[in-house]
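Coordinate-derived values only; no laboratory data. These figures come from a predicted structure and were not determined experimentally. Because the Cβ atoms are built from the backbone with ideal geometry, glycine has one as well, and the counts that use them run over all protein chains shown.
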Amino acid sequence: MIQLSAQARQAMLADCTKRRPEEACGLMLGSMDGDEAVIRRVVSMENVWPVAEERLSRYALDPLAQMRAEQAAVADGLDLVGIYHSHPRGPAAPSGFDNDRAWPRYTYIIVGFEDPANPAPRAWVLDADGTFQEHQIKLANEAE
Ligand SMILES: [Zn+2]
């Protein structure tokens, strides 16, 4: 059960909506509760996938920007617990590309836009075999 603060959810959906038709991406910061992420804050990151036209269906994070954002989070007592990105025209299920690039232990939230008026976030975590398993998202109302 992934816990997602209402504020982080709202920021994530707004970022993904605003950046359509390109894929949006960002960091999810918080802490771990056993094997499950508690997401308190998201940080929008530029999609630096090198071929601009392919940013409609691909994303990449800038490693240096990611490192800086992680350092700032640690200073606030938060850890990097995962990455979010959007599928601007498709379902919130991971692609083969997403699977190939995923790291163990991180939570991946994909925001799908099958219905553009109702962006749908779903959470995915690799299992021991390297296959994505869906984890339920529980909305947490606590203020950051
Ligand atoms: Zn994807």
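Can you work out which of the residues in the range 77-103 that are more than 16 Å from the ligand (Cβ to nearest atom) and touching a residue at least 24 places away in the same chain (Cβ under 8 Å) is surrounded by the fewest Cβ atoms within 10 Å (Cβ to Cβ)?
Applying the filter and picking the extreme gives 79.
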* Name every residue in the range 104-118 that is surrounded by 14 or more Cβ atoms within 10 Å (Cβ to Cβ) and either more than 22 Å from residue 38 (Cβ to Cβ) or acidic (Asp, Glu) (or both), in order of residue number. => 112, 113
* Asked: Going by the conditions given, is residue 5 within 16 Å of the ligand (Cβ to nearest atom) and surrounded by 14 or more Cβ atoms within 10 Å (Cβ to Cβ)?
  -> no
* Asked: Counting only residues that are away from the ligand (no atom under 16 Å from the Cβ) and of a type in the set (Lys, Arg), which one in the range 8-21 is nearest to the chain's Cα centre (by Cα)?
  -> 9
* Looking only at the range 42-60, and only at residues there that are within 15 Å of the ligand (Cβ to nearest atom) and among the hydroxyl-bearing types (Ser, Thr, Tyr), the one that is surrounded by the most Cβ atoms within 10 Å (Cβ to Cβ) -> 59
* Asked: Just a yes or no: is a residue in the range 107-123 in contact with a Gly (Cβ under 7 Å, 6 or more places away or on another chain), of a type in the set (Gly, Ala, Ser) and away from the ligand (no atom under 11 Å from the Cβ)?
  -> yes
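Does the range 22-41 include one or more residues that are within 16 Å of the ligand (Cβ to nearest atom), without any contact (Cβ under 8 Å) to a residue 40 or more places away in the chain and out of contact with any Phe, Trp or Tyr (no Cβ under 8 Å at 6 or more places or on another chain)?
Looking through the range 22-41, none of the residues is within 16 Å of the ligand (Cβ to nearest atom), without any contact (Cβ under 8 Å) to a residue 40 or more places away in the chain and out of contact with any Phe, Trp or Tyr (no Cβ under 8 Å at 6 or more places or on another chain).
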